[in-house]
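Here's the structure, in structure tokens; my notes come after.
Quick note: the coordinates plus some simple rules give every number you see, no bench work behind them. Just so it is clear, the model here is predicted, and its values are computed rather than measured. Counting neighbours? That spans all protein chains shown, and the Cβs are built from the backbone with ideal geometry, glycine included.
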Amino acid sequence: MEQQNIFLLFQDYLKTELQAQDWADGIDFSKVVVEPPRDLSHGDMATNAALVLNKQVGRNPRELGEEIAEILQKHTDVEKAEVAGPGFVNFRLVSGKWHKIIKQIISYGTAYGDSVSGEKKIVNIEYVSANPTGPMHVGHTRGAILGDTLANLLTKAGFDVTREYYFNDAGTQVDVLARTVHLRYLEALGVDIGEIPDGLYPGEYLKDVALALVERDGDKWQAKSETEWLAPLRDFSVKYMMDMIQEDLDLIGIQHDVFTNERDIVENGTLEKAFKVLEDLDLIYTGTLPPPKGKEMEDWTPVPLTLFRSTKFGDQTDRPLKKRDGTWAYIMPDIAYHYDKISRGFEWMIDVLGKDHSGYAERIDPTIAVFGKGKAKLDVVYNAIVKVYKDGEAVKFSKRSGNIITLREMVAEVGADAIRFFMMTRTPDSELEFDFNKVVEKSKDNPVFYVQYAHARCCSVFRNAEEMWPDMDISNAVLADVDMSSLDSIDDLEIIRLLAGWPRLVRSAAEAHEAHRVVFYLQEVAAAFHSFWTKGRGDASLRFLIEDNIPLSMARLALVRSVALVISSGLEVMGVKPVEEMHA
């Protein structure tokens with residue numbers, strides 16, 4: 001539905017016209033764009049065409065800009081085009097073109113903004129991936145919401161998205177989990193276990209796992225040795241914890257299509273298969289590595305290691321795939337996991353990871369290049385930590401869990417929608433402060449409230465219209481055919497221009513993996529609408545409902561409906577339900 005993207009329509013028109021010029025042979029037009037100008041007072045749209053083509057054409061950029069302005073001026077929907085600065089071409093559209101945007105939004109509803117730019121390309125996005133050793137907590141929540149919102153955005157942009165959860169159930173931490181559950185199991189059977197020893201998990205949530213184990217098996221494991229109970233208790237605990245994690249994610253509307261675990265990757269031979277691919281291509285050798293840079297290691301001795309020739313693919317150093325004792329290196333299961341993804345047909349993979357995993361892509365990319373034969377790619381989105389505050393103080397402890405703030409506690413206190421919205425109010429790599437008080441504060445300083453209030457105000461306009469004209473049909477079908485020509489004030493057109501930018505933002509934000517831009521855009525729409533509302537109090541001509549001017553009121557109702565639909569469309573991407581009324 002790229003016909004919704006008015007900027008792309010003019011960009012395609014301009015490229016077509018430029019390619020028809022007598023100087024166009026051999027010219028690369030790929031960098032020509034049409035976009036909103038930085039300063040809206042300069043026009044509705046701007047193009048960089050003269051600046052990116054002048055060297056190829058051999059013309060002065062301003063001179064070329066004048067020719068481009070003349071080409072644009074011939075378009076029936078262009079009111080005026082002129083050159084500015086070093087060669088930018090700014091142009092304004094006739095108001096009727098903007099009015100068609102309102103009709104378009106109402107016709108498409110929340111599907112307005114949908115794009116085919118993704119061309120149904122298959123993309124695998126892995127997020128959350130918390131290990132099954134405890135409940136979802138605030139540290140996991142940001143990455144979970146970031147990944148899910150990005151998946152929604154990519155879907156809206158026309159990609160075929162698979163949402164995947166990968167968890168480590170093969171490491172020592174899962175054995176620690178099983179040992180802790182066994183201890184809690186003994187406690188549930190009436191044994192005095194004393195204090196939880198250091199090195200085990202102290203959270204009381206494992207009492208529930210132990211009680212479930214007692215309910216299933218009674219005292220079956222009480223007198224058994226660790227070698228007998230470790231594996232079955234580990235499997236039981238992992239399943240119980242994964243079920244709990246999925247229940248936690250359900251609270252904020254997050255579901256995955258695929259769950260993959262490290263134990264399967266280790267036990268089904270995938271590591272060996274991935275290694276053999278590298279070996280058969282003569283990319284594995286035995287060698288030594290220099291000492292780590294920046295560290296004084298006087299007693300360091302080079303040791304022969306099994307190395308992957310990753311420097312052939314842009315890496316700074318060859319990577320060891322096995323430890324000194326011959327066991328797999330820490331990174332090998334991750335390499336095998338991405339080999340498995342590529343084997344399943346995914347050529348584009350996105351991993352959402354904590355910022356503490358910085359450098360992960362650089363370590364994995366060389367093997368992606370090999371396994372994908374140059375066609376596959378991995379993009380990693382890193383998210384920074386979340387600091388939680390309440391009543392002006394940092395929150396560090398949870399009574400139930402002992403040392404974490406659980407997602408369940410957060411949802412119970414502020415609600416899922418507020419959490420999802422607020423977690424997206426910063427760029428992923430920026431540290432985020434989650435303030436319980438601010439999230440529920442009813443003020444313009446709270447972005448969640450500010451956007452939801454704009455939608456609720458839109459709904460209130462329609463309730464007032466129904467009271468004012470109880471017999472009038474104000475359905476979408478009627479509003480889509482209303483005469484919009486009376487929407488000619490600066491404020492009317494400012495909002496329409498803003499709404500017209502939604503399809504463009506969906507496309508560009510998806511391509512850049514910048515889902516947080518949806519939040520910023522919604523705040524901009526909300527600000528414009530609230531400003532219009534406030535101006536209407538002092539200027540009767542700017543009110544949405546004018547009792548003695550039904551034609552203008554109907555046009556304004558169409559505008560308000562469009563605002564509500566675009567906000568709903570954006571909130572849908574964020575996994576947030578728009579509200580129709582704000583309650584004290």
Notebook entry, point to check: How big is the antiparallel share of DSSP beta bridges in the chain, given as a percent to the nearest 5?
Noted result: 45
Next item on the list: May I ask you to compute the full-extension gain from residue 325 to residue 235, defined as 0.36 nm times their residue separation minus their alpha-carbon distance, rounded to one decimal in nm?
Entry: 29.6 nm
Notebook entry, point to check: Using 0.36 nm per residue, how much length does the chain from residue 267 to residue 582 gain when fully extended, once their Cα-Cα distance is taken away?
Noted result: 108.0 nm
Item checked: Kirkwood Rh (inverse of mean 1/r, distinct Cα pairs), region 172-244, angstrom -> 12.1
Notebook entry, point to check: At 222 nm, what helix-only mean residue ellipticity would the chain give, in deg cm²/dmol to the nearest 500, using -39500 (n - 2.57) for each DSSP H run of four or more?
Noted result: -15000 deg cm²/dmol
Note to self: Rounded to the nearest 20 debye, what is the charge dipole size of region 22-100 about its Cα centre when +1 sits on each Lys and Arg Cβ and -1 on each Asp and Glu Cβ?
What the structure shows: 220
Next item on the list: Pop a pseudo-label 7 angstrom from the Cα along the beta-carbon direction at both residue 24 and residue 427 and give the gap in nm to one decimal.
Entry: 3.7
Notebook entry, point to check: Once both labels are modelled 7 Å past Cα along the beta-carbon direction, what's the residue 511-residue 288 spacing in nm?
Noted result: 5.0
Check: Along its principal axes, what span do the Cα atoms of region 408-495 show, with the longest given first and each in whole Å?
Finding: 48, 29, 22
Check: Using the Cα atoms as the points, what is the convex hull volume per residue of region 120-266 in Å³?
Finding: 113
Note to self: Loop-only chymotrypsin sites (Phe, Trp or Tyr not before Pro) in region 7-39, please: DSSP not H, G, I, E or B, and at most 14 other Cβ atoms within 10 Å.
What the structure shows: 23
Item checked: Under 5 Å, built H, 5+ apart or other chain: amide partners of residue 379 -> 349, 350, 351
Check: Once phi is turned into θ = phi - 60°, what whole-Hz ³J(HN,Hα) does the Karplus curve with 6.51, -1.76 and 1.60 give for every residue of region 433-446, x standing for Gly and Pro?
Finding: 9, 9, 9, 4, 5, 5, 4, 9, 6, 9, 8, 5, 7, 9
Checklist line | the chain: relative contact order in percent, alpha carbon pairs under 8 Å with at least 6 residues between | finding: 17
Notebook entry, point to check: Rounded, prolate or oblate: which fits the chain, taking a ≥ b ≥ c as square roots of the Cα gyration tensor eigenvalues, rounded meaning a/c under 1.5, else prolate when a/b beats b/c?
Noted result: oblate
Next item on the list: Hey, can you grab everything whose amide H is under 5 Å from the amide H of residue 395? Only 5+ residues off in sequence or another chain; H modelled, so Pro and N-termini drop out.
Entry: 388, 389, 390
Next item on the list: Give a quick list of chymotrypsin sites (Phe, Trp or Tyr not before Pro) in region 290-370 that DSSP marks as loop, anything other than H, G, I, E or B, with at most 12 other Cβ atoms within 10 Å.
Entry: 300, 330
Checklist line | Inter-site label distance for residue 111 and residue 59 at 7 Å from Cα along Cβ, in nm | finding: 4.1
Next item on the list: State, as an integer percentage, the relative contact order of region 431-584 based on alpha-carbon contacts under 8 Å between residues 6 or more apart.
Entry: 38
Next item on the list: Using only C-alpha atoms and all pairs of different ones, pull out the Kirkwood radius for region 443-573 in Å with one decimal.
Entry: 15.4
Notebook entry, point to check: Based on the Cβ-Cβ distance of residue 225 and residue 489, what FRET efficiency does E = 1/(1 + (r/R0)^6) give at R0 = 56 Å, to the nearest 0.05?
Noted result: 0.10
Check: Which loop trypsin sites (Lys or Arg not before Pro) in region 359-392, with loop taken from DSSP, have no more than 13 other Cβ atoms within 10 angstrom of their Cβ?
Finding: 373, 375
Checklist line | Calculated on alpha-carbon atoms, Rg and Dmax of region 229-286 in Å | finding: 17.4, 50
Item checked: Gyration tensor over alpha-carbon atoms, region 2-93, equivalent ellipsoid semi-axes in Å -> 19, 15, 12
